[in-house]
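Before any comments, here is the structure.
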Amino acid sequence: RHIRYEYAQGVLITSGIANTFGEVARENALRLCKAVERASGLAKDELVVCSTGLLGKPFPVADFEGKAAVLCEGLGESAAHSTLAARAIMTTDKYPKELAFSFYIGDISCKIGAIFKGSTQVNPNLSTTICVLTTNVNITAKMLHKALSSAVNDTLNMSAIDASSSPNDMAVILSSCTAGNYKISQDDSEYKKFYHALQQTLVAVCERLVRSGTES
(Lines give C-alpha, C1' and ligand atoms only; values in the text may rest on other atoms or scores of the structure.)
Protein backbone atom coordinates (compact mmCIF):
# COMPACT_ATOMS: atom_id res chain seq x y z
CA ARG A 1 0.00 0.00 0.00
CA HIS A 2 2.78 2.42 0.87
CA ILE A 3 4.69 1.97 -2.38
CA ARG A 4 1.80 1.93 -4.83
CA TYR A 5 2.49 5.54 -5.86
CA GLU A 6 6.25 4.80 -6.18
CA TYR A 7 7.15 7.56 -3.75
CA ALA A 8 8.63 7.38 -0.27
CA GLN A 9 10.57 9.54 2.15
CA GLY A 10 11.91 6.91 4.48
CA VAL A 11 12.45 3.24 5.21
CA LEU A 12 11.38 1.84 8.57
CA ILE A 13 13.08 -1.43 9.53
CA THR A 14 12.42 -3.41 12.69
CA SER A 15 14.71 -6.19 13.87
CA GLY A 16 14.71 -8.72 16.66
CA ILE A 17 11.17 -10.04 16.23
CA ALA A 18 9.60 -10.14 12.78
CA ASN A 19 6.26 -8.45 12.26
CA THR A 20 4.81 -10.15 9.22
CA PHE A 21 1.78 -12.41 9.40
CA GLY A 22 -1.92 -11.73 9.67
CA GLU A 23 -4.15 -8.83 10.59
CA VAL A 24 -2.35 -8.15 13.88
CA ALA A 25 0.93 -7.70 12.04
CA ARG A 26 -0.69 -5.32 9.56
CA GLU A 27 -2.11 -3.23 12.39
CA ASN A 28 1.27 -3.24 14.14
CA ALA A 29 2.96 -1.98 10.98
CA LEU A 30 0.46 0.88 10.77
CA ARG A 31 1.03 1.73 14.43
CA LEU A 32 4.79 1.85 13.81
CA CYS A 33 4.33 4.23 10.88
CA LYS A 34 2.00 6.47 12.87
CA ALA A 35 4.54 6.62 15.72
CA VAL A 36 7.27 7.72 13.33
CA GLU A 37 4.93 10.27 11.76
CA ARG A 38 4.26 11.82 15.17
CA ALA A 39 7.95 11.91 16.03
CA SER A 40 9.40 13.05 12.70
CA GLY A 41 6.69 14.73 10.66
CA LEU A 42 7.13 12.25 7.80
CA ALA A 43 3.79 11.10 6.44
CA LYS A 44 2.97 7.60 7.67
CA ASP A 45 2.07 6.36 4.19
CA GLU A 46 5.42 7.55 2.80
CA LEU A 47 7.37 5.00 4.85
CA VAL A 48 8.50 1.69 3.37
CA VAL A 49 8.23 -0.99 6.05
CA CYS A 50 10.67 -3.92 6.39
CA SER A 51 10.93 -6.44 9.21
CA THR A 52 13.47 -9.04 10.28
CA GLY A 53 14.00 -11.25 13.28
CA LEU A 54 12.49 -14.25 15.00
CA LEU A 55 9.12 -15.51 13.84
CA GLY A 56 6.30 -16.74 16.05
CA LYS A 57 6.68 -14.29 18.94
CA PRO A 58 4.41 -11.28 19.54
CA PHE A 59 5.92 -8.07 18.27
CA PRO A 60 6.44 -5.53 21.13
CA VAL A 61 4.75 -2.71 19.28
CA ALA A 62 4.09 -0.64 22.41
CA ASP A 63 7.81 -0.66 23.26
CA PHE A 64 8.61 0.68 19.81
CA GLU A 65 5.98 3.39 20.02
CA GLY A 66 7.62 4.60 23.20
CA LYS A 67 11.04 4.80 21.53
CA ALA A 68 10.00 6.36 18.20
CA ALA A 69 11.07 9.85 19.27
CA VAL A 70 14.52 8.62 20.29
CA LEU A 71 14.84 6.81 16.96
CA CYS A 72 13.98 9.93 14.96
CA GLU A 73 16.33 12.09 17.00
CA GLY A 74 19.14 9.84 15.79
CA LEU A 75 18.56 10.57 12.09
CA GLY A 76 21.52 12.04 10.22
CA GLU A 77 23.50 12.09 6.99
CA SER A 78 27.01 11.16 8.13
CA ALA A 79 28.91 7.94 7.49
CA ALA A 80 28.54 7.20 11.21
CA HIS A 81 24.76 7.36 10.92
CA SER A 82 24.86 4.88 8.03
CA THR A 83 26.90 2.46 10.12
CA LEU A 84 24.52 2.83 13.05
CA ALA A 85 21.58 1.97 10.80
CA ALA A 86 23.41 -1.02 9.32
CA ARG A 87 24.25 -2.25 12.82
CA ALA A 88 20.70 -1.76 14.10
CA ILE A 89 19.21 -4.17 11.53
CA MET A 90 21.65 -7.02 12.28
CA THR A 91 20.14 -10.29 13.46
CA THR A 92 22.29 -13.35 12.70
CA ASP A 93 24.82 -11.05 11.02
CA LYS A 94 28.22 -10.87 12.66
CA TYR A 95 29.00 -7.33 11.52
CA PRO A 96 27.20 -4.40 9.87
CA LYS A 97 27.15 -4.40 6.07
CA GLU A 98 27.30 -1.25 3.98
CA LEU A 99 29.00 0.03 0.84
CA ALA A 100 28.99 3.01 -1.52
CA PHE A 101 30.23 3.85 -5.01
CA SER A 102 30.65 6.94 -7.17
CA PHE A 103 30.23 6.96 -10.94
CA TYR A 104 29.67 9.43 -13.75
CA ILE A 105 26.72 10.11 -16.01
CA GLY A 106 28.17 12.45 -18.58
CA ASP A 107 30.29 14.86 -16.55
CA ILE A 108 28.02 14.62 -13.49
CA SER A 109 29.34 12.75 -10.47
CA CYS A 110 26.66 10.43 -9.08
CA LYS A 111 26.50 8.23 -6.01
CA ILE A 112 24.87 5.00 -4.98
CA GLY A 113 25.04 3.28 -1.61
CA ALA A 114 23.52 0.44 0.36
CA ILE A 115 23.03 -0.85 3.85
CA PHE A 116 22.01 -4.49 4.02
CA LYS A 117 21.82 -7.55 6.20
CA GLY A 118 21.49 -11.31 5.83
CA SER A 119 23.58 -14.24 4.73
CA THR A 120 23.17 -17.33 2.60
CA GLN A 121 23.18 -19.74 5.52
CA VAL A 122 21.30 -23.02 5.21
CA ASN A 123 18.32 -23.83 7.42
CA PRO A 124 17.61 -23.40 10.28
CA ASN A 125 19.83 -20.30 10.29
CA LEU A 126 18.76 -18.83 6.96
CA SER A 127 18.77 -15.11 7.41
CA THR A 128 16.34 -12.61 5.93
CA THR A 129 18.01 -10.45 3.32
CA ILE A 130 17.11 -6.76 3.45
CA CYS A 131 18.87 -4.31 1.17
CA VAL A 132 18.20 -0.57 1.21
CA LEU A 133 19.80 1.33 -1.66
CA THR A 134 19.96 5.10 -2.04
CA THR A 135 21.16 7.22 -4.95
CA ASN A 136 21.18 10.87 -5.98
CA VAL A 137 20.64 10.14 -9.69
CA ASN A 138 17.87 12.20 -11.27
CA ILE A 139 15.55 9.49 -12.65
CA THR A 140 11.83 8.84 -12.93
CA ALA A 141 10.14 6.37 -10.59
CA LYS A 142 9.21 4.21 -13.58
CA MET A 143 12.81 3.85 -14.75
CA LEU A 144 14.10 3.40 -11.19
CA HIS A 145 11.64 0.54 -10.70
CA LYS A 146 12.66 -1.00 -14.02
CA ALA A 147 16.34 -0.85 -13.11
CA LEU A 148 15.89 -2.38 -9.66
CA SER A 149 13.59 -5.16 -10.86
CA SER A 150 16.01 -6.19 -13.58
CA ALA A 151 19.16 -5.88 -11.47
CA VAL A 152 17.67 -7.89 -8.59
CA ASN A 153 16.85 -10.77 -10.93
CA ASP A 154 20.50 -11.01 -11.93
CA THR A 155 21.89 -10.66 -8.39
CA LEU A 156 19.91 -11.06 -5.15
CA ASN A 157 17.42 -13.51 -6.66
CA MET A 158 20.31 -15.76 -7.71
CA SER A 159 21.93 -15.90 -4.25
CA ALA A 160 20.86 -19.15 -2.61
CA ILE A 161 22.21 -22.32 -1.07
CA ASP A 162 19.18 -24.48 -0.30
CA ALA A 163 16.53 -22.72 -2.44
CA SER A 164 14.90 -21.39 0.72
CA SER A 165 14.05 -17.76 1.29
CA SER A 166 12.68 -15.67 4.11
CA PRO A 167 9.11 -14.35 3.83
CA ASN A 168 10.63 -10.93 4.58
CA ASP A 169 13.36 -10.80 1.91
CA MET A 170 13.25 -7.31 0.43
CA ALA A 171 15.20 -4.80 -1.63
CA VAL A 172 14.22 -1.18 -2.03
CA ILE A 173 15.84 1.82 -3.71
CA LEU A 174 15.18 5.52 -3.17
CA SER A 175 16.56 8.44 -5.14
CA SER A 176 16.83 12.05 -4.02
CA CYS A 177 17.14 13.09 -7.72
CA THR A 178 19.66 15.77 -6.69
CA ALA A 179 22.70 14.81 -8.80
CA GLY A 180 22.01 17.41 -11.48
CA ASN A 181 22.03 15.03 -14.46
CA TYR A 182 19.39 15.35 -17.17
CA LYS A 183 16.42 13.37 -15.84
CA ILE A 184 16.49 9.75 -16.98
CA SER A 185 13.05 8.90 -18.35
CA GLN A 186 13.77 6.29 -21.03
CA ASP A 187 16.03 3.36 -21.82
CA ASP A 188 18.90 5.39 -23.28
CA SER A 189 22.67 5.53 -22.81
CA GLU A 190 22.41 7.42 -19.51
CA TYR A 191 19.94 4.85 -18.17
CA LYS A 192 22.38 2.09 -19.13
CA LYS A 193 25.17 3.83 -17.19
CA PHE A 194 22.96 4.02 -14.11
CA TYR A 195 21.80 0.44 -14.54
CA HIS A 196 25.39 -0.80 -14.78
CA ALA A 197 26.28 1.04 -11.55
CA LEU A 198 23.24 -0.40 -9.77
CA GLN A 199 23.96 -3.92 -11.01
CA GLN A 200 27.59 -3.75 -9.89
CA THR A 201 26.48 -2.45 -6.50
CA LEU A 202 24.15 -5.43 -6.07
CA VAL A 203 26.88 -7.81 -7.23
CA ALA A 204 29.05 -6.42 -4.43
CA VAL A 205 26.15 -6.81 -1.98
CA CYS A 206 25.73 -10.46 -3.00
CA GLU A 207 29.44 -11.16 -2.66
CA ARG A 208 29.36 -9.75 0.86
CA LEU A 209 26.26 -11.76 1.78
CA VAL A 210 27.68 -15.02 0.43
CA ARG A 211 31.01 -14.43 2.16
CA SER A 212 29.30 -13.79 5.49
CA GLY A 213 27.45 -17.11 5.19
CA THR A 214 30.72 -19.01 5.09
CA GLU A 215 32.41 -17.23 7.97
CA SER A 216 32.55 -18.87 11.35
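Some values worked out for this structure:
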{"item": "Test: residue in the stretch 100-110 that is over 17 Å from the mean Cα position of the chain (by Cα), closer than 18 Å to LEU148 by Cβ and of a type in the set (Val, Ile, Thr)", "result": "yes"}
{"item": "LYS111 in a loop (DSSP other than H, G, I, E, B), open to solvent by 40 Å² or more (accessible area, probe 1.4 Å), more than 27 Å from CYS33 (Cα to Cα) and in contact (Cβ under 8 Å) with a residue 24 or more places away in the chain", "result": "no"}
{"item": "Unique residue being of a type outside the set (D, E, K, R), over 23 Å from SER166 (Cα atoms), surrounded by fewer than 12 Cβ atoms within 10 Å (Cβ to Cβ) and without any contact (Cβ under 8 Å) to a residue 12 or more places away in the chain when the list is GLY76, GLY56", "result": "GLY76"}
{"item": "Single match in TYR104, TYR95 (criterion: open to solvent by 50 Å² or more (accessible area, probe 1.4 Å), part of a strand (DSSP E or B) and farther than 21 Å from VAL172 by Cβ)", "result": "TYR104"}
{"item": "Residues satisfying the stated conditions in the stretch 59-70, i.e. open to solvent by 90 Å² or more (accessible area, probe 1.4 Å) and over 23 Å from GLY22 (Cβ atoms)", "result": "LYS67, VAL70"}
{"item": "Extreme residue, modelled with the highest pLDDT, among residues of the stretch 115-134 that are among the β-branched types (Val, Ile, Thr) and assigned to a loop (DSSP other than H, G, I, E, B)", "result": "THR129"}
{"item": "Filter result for PHE59 (within 17 Å of the chain's Cα centre (by Cα) and aromatic (Phe, Trp, Tyr))", "result": "no"}
{"item": "Verdict on VAL137 being open to solvent by less than 50 Å² (accessible area, probe 1.4 Å), in contact (Cβ under 8 Å) with a residue 12 or more places away in the chain and part of a loop (DSSP other than H, G, I, E, B)", "result": "yes"}
{"item": "Qualifying positions in the stretch 17-49 - touching a Cys at 6+ places or on another chain (Cβ under 6 Å) and either surrounded by fewer than 17 Cβ atoms within 10 Å (Cβ to Cβ) or in a helix (DSSP H, G or I) (or both)", "result": "ALA39, SER40, LYS44"}
{"item": "The stretch 10-47, residues that are in contact (Cβ under 8 Å) with a residue 40 or more places away in the chain and within 19 Å of GLU73 (Cα to Cα)", "result": "VAL11, ILE13, THR14, SER15, GLU46, LEU47"}
{"item": "Among the candidates LYS146, LYS192, residue that is touching an Asp or Glu at 6+ places or on another chain (Cβ under 9 Å) and of a type in the set (D, E, K, R)", "result": "LYS146"}
{"item": "Subset of the stretch 179-195 (residues that are among the aromatic types (Phe, Trp, Tyr), open to solvent by 20 Å² or more (accessible area, probe 1.4 Å) and either closer than 10 Å to ILE105 by Cα or assigned to a strand (DSSP E or B) (or both))", "result": "TYR182"}
{"item": "Per-region count, the stretch 143-168, residues of a type in the set (D, E, K, R) and at pLDDT 70 or above", "result": "2"}
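The values are calculated or read from the model by the stated rules, or taken from the named source; none is laboratory data. Remember, it's a predicted structure, so these values are computed and weren't measured experimentally. Note that each Cβ is placed from the backbone with ideal geometry, even for glycine, and that neighbours are counted across all protein chains shown. Keep in mind that these areas ignore ligands, DNA and RNA; they rest on the heavy atoms of the full protein, side chains included. Shrake-Rupley method; radii C 1.70, N 1.55, O 1.52, S 1.80 Å.
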